[in-house]
Amino acid sequence: MKKLASATDPLWYKDAIIYELHVRAFADSNGDGIGDFPGLFSRLDYLQNLGVTCIWLLPFFPSPLRDDGYDIANYVDVNPSYGTLNDFKLFLDAAHQRNMQVMIELVINHTSDQHPWFKAARLAPPGSAARDMYVWSNTDRLYKDADIIFTDTEKSNWTWDDTAKAYYWHRFFSHQPDLNFDHPAVMEEVLKTMRFWLDMGVDALRMDAIAYLVERDGTSCENLPETHLAVKRIRAAIDAEYANRLILAEANESPADVLPYFGKGDECHMAFHFPLMPRIYMALRQEDSLPITDIMAQTPAIPDNCQWGLFLRNHDELTLALVTEDERDYMHIAYSNDPRMRVNGGIRRRLAPLLDNNRRRIELLNSLLLSFPGTPILYYGDEIGMGDNIYLGDRNSVRTPMQWNSDRNAGFSRCDPARLYFPVIMDPVYGYQAINVEAQLSDQSSLLHWTRNMIALRKLFQVFGRGTQHFLKPANRKILAYLRDLERSDGSHETVLCVANLSRFAQPVSLDLADRNGAEPVEMLGYVPFPIITEAPYVLTLAPYSFLWLELQPPRARPESSSSTLPAS
Amino acid sequence: MQNILATMLQTDPYKTSQPLYAGNNSIWRTMSDALHESIYRVLSLLISILPGILAFLVALALLSLVGLALSALLRRVLAAAKFDDRLAHSRGNSGWALSTSPTALIVRAAFWACVLLGLIIGVSAFDASYATAAALPSSLLPYLARVVGAAFLLIAGNLSARFLARSVLIGAVNMQLQYARFLSLGIKWLVLVLTGAMVLDHLQIGGNVVALAFGILFGGIVLTLALAVGLGSRDLVSRSLESHAEHSSEQSAKSPAVPTTGPDESIHHF
Amino acid sequence: MTEDPIPAIAAPSAPPGAGLLVLLAAMTPEPLEHVLASLTAAFPAEDMLIAMQNAPPADSYPSLRIVTAPAANPSWTLTAADFVNAYQLAEMNDSSAILMLGPSSSSLDSAALRDLASAVLTTSIDLAVPFYELPPRAGLVNSAILYPLTRALFASPVRFPLAVHLGLSRRMAQSLASSAHRFTASNQAEMPIWPVNEAMMAGFTVDQFEVGPHVQSQQTGLDLKTILPQVTGALFADIDAKAAFWQRFRPSPPTRHAVSKPTLQTPTVDAAAEIASMVYAFRLAYTNLQEVWSLVLPPSSLLALKRLSAIDSAAFRMSDSLWVRIVYDFLLAYRLRTINRGHLLGALIPLYLAWVASHINITASGTDPESHIEAVAAAFEADKTYLVSRWRWPDRFNP
């Protein structure tokens, strides 16, 4: 039975607030130290209160868990540690009841080597249908122009399999063989999987590692035309049979290379804006808006029904693949002086530790996240300023249990602390006694309350998710100033002026707003009217790391008497 | 049960155990006697310790109170005498480098000195009252003092190891020695090994074996360092030899009073 | 307090007791003879009172009035003890001006001595500082650190702020003696004092006088590894002590009378070898001292140093702005005691050598050394806001 879509607006993702979490890390209900769906079910109220409208779940399918669930051994079931399929359905329905959409992963580039398909492919004779589900070769010289992605662990993209007596292709870990999209059966299976979940009512699919689907010799094996065709096929199937669903592409490429993933609005609905993210950190550290304005200038226009996905941090390392050599060196010196903080060329730290736990910097970056053109994606724990544990291997430093209260195990689980899948953060600065949801809910000045209020504010205005962005280039480069504008259906405009101070000292700025002459800026948080804009440069002063969101209201019809006194607020 | 109690409370240390081969009855009796005796011994030991513990606690508490009173009095007196200001005047303008004022430091020191005195008195009182056959290998108080001394030694050794390591690193780099980092690590471990040896020796643990082991380790590190210095400073030595030769030939070539003709192109930092 | 007007030195009848006090540092007999000869040629004996630590020469200068100065540890600069002694002797003998001559004063001729002395005796100048004519590659520590810092922070035009030979008025001597007293009282009598900074802070007049070429007679005893930390440390400490003054003072840039004659330097073989060794020293330090530098320098400087370490010695150039930031960050670390001060200044030496190598490369390619040094000093002035802002808000999260 096919469930109807829970979202009524086909463009619901433009106004969404996405919250990324891992079931394993969120809440444990049965005391085995591993988070599960019933636990997540019990925390839906918290997410609804926060203002989240879409929950993105990292892979929860049966898996040997050698890549944290991205190595999938069965596409159409739930890992028993996290619960049953029924638990998932209950959670899904509950989320829909609270007007929240759910996004799951569709990891189709590769499977685990424990997947029945691979086990069969190993034993099947070369050339058979079962064999061709994966990419085999007798030599490892094929596709030699393709990069190695997990440079810290893998030496080659080919691995020899003794049973099959051949090499198999894997862009990621050696236990994650790539599926062969040149084989029609693969696409059939993918569509079957997709239909299974969409029938159940899942609203969105994140296509992991979508750039690497198809390989061709002599190319970098990324973003090939055949890959786009495969994605288009998937999209066509979704459009034909379902309504108001979403495909989010994970393509860690430059903006120009990501653009094809939107197609002409017939491929993916959303894609992550990877290059913007490290530049935000660089701009903050260098106290210069140039890295941000530069990358946004390089970002091409996308089809009207498409949307960028913006994020400050995620479950992976802060990737530095798309910056120059010098910029990478700078980021390493500035943000990850300890070599233990680096993995695969990126930085594996959470938002708060990266910013030295400075509340103003955290708020500043979140304001950028919520006011830039795109859909914001919050990583679980960043709304309370959780810390990380760089002594855990791989990228697990940012995947520690959610800190709910100051009880045992941070309230994540009632099990013996030794059983936890990862230890909770315990240091004096970020430890669960200091940083937890319960404490922040009772503290009106906490980061959690601030995030909640900012999300609520953002939801009042559609311009943030749907409007255009135009950068004002003031002479003081430590100030980032931009106009967000949306033309409503009745012809009126919703315009917001955002001004952010990237410097740790107070800054003056003089903005050229002559084309908005007569508009009255009203500060959005306190609804405070600011001086009316004139032809002369508009002077503002900003405190360290502060930001202003000013809604530009159209000039009111004023009475003829010229005495204009601002009402006492 | 009453039997046992009666037996326990009997102070009859001269009761000997019965011969072994007096039959089954006597084996059980021997056993029960032995048990009774050992229970009696342990309980009497515990009972005899109790006064000692009490004395210890009383001494500590009393002297802590004395310390509190003394520190309050000292604070009053020093504040009235404006001790901080006088000290600042006599020291001149260099200022007091610490964040706590001298008065507060003295007051605190007095309080903790009294507490320490209380501890010492308590421990020796405990020692004195613990007068039974099963004596400790060494008296408790001196050993505690040694442990404290060993702890200080460890801390001091650590701090000086770090300081020396960095000094050597910077010095070696400025002398352009190749193995600067190696030298600095070597010095650090040398000092740490030395500290460890001194601490263990101070605590009288291990004795000769430990001393021998550390001696070997120490010698090994020193030898390695000497090799590193020797190998790494080949350039340095050759350069300094060359510059010596140049300098002496220059000196013999010109007299000091006559100024050099032509522009002087050598680099003078001062 | 104004000094008594003293008639010109050439006038014979000066009241006894008043006049010029000449304080000589301890010297070997031969340079001492030379200095006494110059002094005798410069001033009439009855206007001058000479105080020296050596025993007076037997009968060679009978007309000179000589007193014994208290013994002080010999040093190539003028130290705190010297200034205290100078003021005490001036008070005792009621002198109105003091000429302090260090151990290398045998290279000053009588005209120079007369200029220095008459400036403080007859005019209202409080501090007369010599302007040495040094060869282009001499006095590099002064050009790299001492001069730019004192010029940027105290707006002093003095090219050679390190006190080696000075002419002082009585009130200048008094002011210097009171600040020197702090050091002598706390057993630091060998600390160099910075009379130029004191003069600028007190609002006294300072002027410099050309004294011709100068040879540092103790060249062999001056080891960079000990002297640079000592001198730079003393200057940093002085800047730290006077923070309240230079942070508020916003002077106009001082004008410099152009004195140097531009000479075209062709690179010699020797210079290339020296440059290569300095670049090698810098590279070695970069690999070994990175942890120490990363405690002191911000990421952008570290990145620039990383790029610099990859350049070969022929093309080795350190940008002026990088050097300015390095000196300012080390000054801040000195104040904040980020690491032990001795270690900090020891870690500065390889960076200084890198600057020297870069400076020589720049001058070898045709730029006048003086104009490069002026450019460096101007860069120090331009970036003063960086120093002030980080001084007032020492945050480690900065570019």
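No value in this document is a laboratory result; all are computed from the given coordinates. Since the structure is predicted, the reported quantities are computational estimates derived from the model, not experimental observations. Every residue, glycine among them, receives a Cβ derived from its backbone with ideal geometry; neighbour counts consider all protein chains shown.
What number, in nm² with one decimal, is the all-direction average of the projected area of the convex hull of the alpha-carbon atoms of region A:85-164? Intermediate values should be presented prior to the final figure.
Working: hull surface 34.1 nm².
The number I arrive at for region A:85-164 is 8.5 nm².
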Assertion target for A:Cys268, A:Cys415, A:Cys221, ordered by fewest C-beta neighbours within 10 angstrom first, is A:Cys415, A:Cys221, A:Cys268
Over all pairs of distinct alpha carbons, what does the Kirkwood formula give as the hydrodynamic radius of region A:285-433, in Å?
17.0 Å
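Listed highest first by mean packing, meaning other Cβ atoms within 10 Å per residue, what order do A:132-138, A:5-11 come in?
Most protected by this proxy first, the peptides run A:132-138, A:5-11.
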Calculate log10 I(q)/I(0) of region B:139-252 for q = 0.14, 0.23 Å⁻¹, where I(q) comes from the Debye formula with a single equal point scatterer on each Cα and nothing for solvent.
-0.70, -1.17
Shielding by partners, peptide C:281-294 (average Cβ within 10 angstrom, other chains)
4
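Shielding by partners for C:137-150, please: the mean number of other protein chain Cβ atoms within 10 Å of each residue's Cβ.
On the way: counts 7, 7, 3, 4, 3, 2, 1, 1, 0, 0, 0, 0, 0, 0.
Across C:137-150, the average partner-chain Cβ count within 10 Å equals 2.
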With a ≥ b ≥ c the root eigenvalues of the C-alpha gyration tensor of chain A, is it rounded (a/c under 1.5), prolate (a/b larger than b/c) or oblate?
prolate
In whole Å, what is the distance between the alpha-carbon centres of region C:368-382 and region B:152-173?
39 Å
Inter-probe distance in nm under a simple model that places probes 7 Å from Cα toward Cβ, at B:Leu70 and C:Ser319
6.4 nm
Cβ-based exposure ranking for A:Arg43, B:Arg239, in which fewest neighbours within 10 Å come first:
B:Arg239, A:Arg43
Take peptides B:186-193, A:375-382 and line them up by average Cβ neighbours within 10 Å, highest first, as a rough protection proxy.
A:375-382, B:186-193
Whole-percent tail of the Cα-Cα distance distribution for region A:466-553, cut at 15 Å, equals 58 percent
Which of A:Lys473/C:Lys306; C:Lys242/C:Lys384; A:Lys89/A:Lys192; A:Lys3/A:Lys264; A:Lys144/A:Lys165 exceed 23 Å between C-alpha atoms? The answer is A:Lys473/C:Lys306; A:Lys3/A:Lys264
Mind running the shape call on region C:325-399? Use the C-alpha gyration tensor, a ≥ b ≥ c as the square roots of the eigenvalues: rounded below 1.5 for a/c, prolate if a/b tops b/c, oblate otherwise.
oblate
DSSP loop trypsin sites (Lys or Arg not before Pro) in region A:129-183 with at most 16 other Cβ atoms within 10 Å of their Cβ, which ones?
A:Arg141, A:Lys144, A:Lys155, A:Lys165
For B:Lys82, give me every one of the lysines with a C-alpha distance below 22 angstrom, ignoring sequence neighbours fewer than eight places off in its own chain.
none
Which of the lysines could a cross-linker bridge to A:Lys459, judged by Cα under 22 Å and excluding same-chain residues fewer than eight apart?
A:Lys14
Please report how far the C-alpha centroid of region A:483-541 lies from that of region C:36-58, rounded to the nearest whole angstrom.
77 Å
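What order, most packed first, do the peptides A:354-360, B:27-33 have when packing is the mean number of other Cβ atoms within 10 Å of each residue?
Working: A:354-360: 17.1, B:27-33: 13.1.
Top of the packing list down: A:354-360, B:27-33.
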Report the net charge of residues surrounding A:Ala164, where surrounding means a beta-carbon distance below 10 angstrom and charges are Lys +1, Arg +1, Asp -1, Glu -1.
+1
For chain C, what is the largest minus smallest coordinate of the Cα atoms on each principal axis, given in angstrom and ordered from greatest to least?
67, 47, 37
Separation of region A:397-416 and region A:271-341 by C-alpha centroid, Å?
30 Å
Looking at the protein assembly as shown only, what percent of DSSP beta bridges run antiparallel? Nearest 5 please.
50 percent
Counting other chain Cβ atoms within 10 Å of each Cβ in B:157-168 and taking the mean gives 1
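Dividing the alpha-carbon Rg of the protein assembly as shown by 2.2 N^0.38 Å yields what? Mind showing how you got there, number by number?
Values: Rg = 40.4 Å, N = 1238, 2.2 N^0.38 = 32.9 Å.
Normalised Rg, Cα atoms only: 1.23.
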